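See below for the structure under consideration.
Since every read-out is calculated from the coordinates, none of them should be taken as a lab result. Just so it is clear, the model here is predicted, and its values are computed rather than measured. Neighbour counts run over all protein chains shown; Cβ positions are idealised from the backbone, glycine included.
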Amino acid sequence: FVVHAAQALTMPEHAEALHHWDPTRIVDRDHEILGLIEDACILVENGVMTFVGPWSERPAGAKRDIPVMESLVVTPGWVECHTHSVFSGHRAAEFALRNAGRPYVEILEAGGGILETAARLGRTSQRELEDLLVPRVLDFLRRGVTCLEIKSGYGLSTQDELKMLRAVKNVQPHVPTELVGTFLGAHAIPKKYQSDRRAYIDLVINEMIPKVAEEELARYCDVFCDRGAFDAAESREILLAGREHGLIPRIHADELTDANAARLAAEIGCASADHLEFTPSEVFEQMAKADVVAVLMPAVNLFLGTTGHMAKAREILEAGCEVALSTDFNPGSAMTQDIALMTTLACTLYKMSPGEALRAVTIGAAKALRREDIGRLRPGLRANLAMFNVPDFSVIPYHFGTNHTEAVVANGEFVYW
Ligand code: NIG
Ligand code: FE
């Protein structure tokens with residue numbers, strides 16, 4: 001099929017201008033970092049993009065077989081690279097408690113928060129988790145997401161961590177969005193190990209990681225490295241053990257305190273360091289040198305009421321890091337699937353440009369997952385496309401609270417329109 005669009009955003013591999021902030025030429029700069037083509041043609045044959053370029057240069061025989069819209073902006077299928085989409089129940093009471101003044105970390109340390117969701121998950125069957133997950137995946141799909149990362153981490157026992165990841169694997173054949181699993185057994189110290197955290201870390205390393213790897217339930221290993229969770233030394237040990245089993249390391253870094261987590265990410269070469277609210281500025285260059293993608297999740301600040309202490313996105317970009325944006329969808333710190341809203345928040349709270357924000361939900365997020373086959377429009381790649389009914393790409397972050405998605409192509413096929 002042929003797509004004829006007002007604008008196509010191809011997402012160049014390396015965009016020099018990305019790291020040089022020039023507010024006086026924001027429009028031209030955005031066009032450059034997005035690889036924008038006006039009046040574009042995308043030709044898809046046998047599920048693969050065979051032409052991406054100006055309509056006037058399309059190959060002979062590429063006929064317009066899709067109704068043309070006045071305003072259609074095509075981007076690579078969006079990549080949601082950090083979610084906790086498998087859970088049951090909700091934590092609305094905790095939300096109210098926090099808004100009344102109780103900090104997130106105190107609730108966790110008192111045995112609530114993640115541990116509350118873990119207790120609930122222990123009472124939920126794998127089948128129930130699958131039934132809860134399907135509509136969540138479809139909700140992301142309707143927003144243009146064609147690749148979705150999902151973490152374990154509410155099981156906190158071998159059986160329940162496997163249950164979460166098996167639920168993801170079982171749902172995959174029933175949804176068009178690609179699902180990728182991340183093992184996050186080190187999300188919190190479970191209640192019964194609170195007086196012997198070493199025993200839990202040993203369980204993660206010696207039992208959970210080998211089983212997850214053996215069943216091929218995850219591609220990544222993640223750790224919550226922060227106060228109330230795991231320290232940098234423990235995190236290093238767990239991530240290196242994961243790597244021994246072929247799991248790519250990623251890390252929840254410095255969300256609540258400076259836990260030396262981003263530094264650790266640079267030292268061992270994590271694919272991404274996520275959150276970064278309390279990371280000292282000098283670490284960003286180390287991250288850039290080690291090719292660690294900065295995954296920023298502004299919904300967390302909005303939802304926890306911590307907009308006074310956010311990741312320093314401009315400094316991170318100028319240090320040379322690739323940035324990804326994600327919802328962090330989870331019942332505790334970010335109960336939203338509105339990934340387009342993250343582009344708005346990135347602009348208003350982080351002072352990113354619309355172009356930077358759109359790179360961050362496509363190629364940036366693909367890089368956080370160390371994927372070269374998604375997040376870009378390139379001849380030769382399988383077609384994953386998100387199409388939006390907007391007159392210009394910058395309207396996506398600008399006109400917020402409305403889902404502008406017009407159609408989605410996943411793995412070469414129209415799956416939503
Ligand atoms: O990314 N920080 C750790 N994990 C999640 C929160 C999980 C929860 O509160 O249930 C996060 O913010
Ligand atoms: Fe998270």
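Tabulated results
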| read-out | value |
| --- | --- |
| DSSP beta bridge pairing in region 285-417, given as percent antiparallel to the nearest 5 | 75 percent |
| Trypsin sites (Lys or Arg not before Pro) within region 101-187, DSSP loop, no more than 16 other Cβ atoms inside 10 Å | 123, 142 |
| Cα gyration tensor of region 79-368 - equivalent ellipsoid semi-axes, whole Å, descending | 25, 21, 20 |
| Assigned charges on the beta-carbon of Lys, Arg, Asp, Glu; region 222-310 dipole about Cα centre (debye) | 140 debye |
| Sparse-neighbourhood loop sites, chymotrypsin sites (Phe, Trp or Tyr not before Pro) in region 370-411 - DSSP loop, at most 11 other Cβ within 10 angstrom | none |
| Rounded Å value of the spacing that divides the Cα centres of region 381-417 and region 1-80 | 12 Å |
| Computed [θ] at 222 nm, deg cm²/dmol, the chain (DSSP H ≥ 4; -39,500 (n - 2.57); rounded to nearest 500) | -9500 deg cm²/dmol |
| Order of 78, 21 - criterion: other Cβ atoms within 10 Å of each residue's Cβ, fewest first | 21, 78 |
| DSSP-defined beta bridges in the chain - what % are antiparallel, rounded to 5 | 50 percent |
| Region 341-417: GluC sites (Glu not before Pro) in DSSP loop, at most 14 other beta carbons within 10 Å | 372 |
| Three-way shape label, region 263-354, alpha-carbon gyration tensor, a/c 1.5 | prolate |
| Student exercise, region 79-368 dipole from Lys, Arg, Asp, Glu Cβ charges, in Debye to nearest 20 | 560 debye |
| Rounded to the nearest 20 debye, dipole of region 274-356 from Cβ charges on Lys, Arg, Asp, Glu | 200 debye |
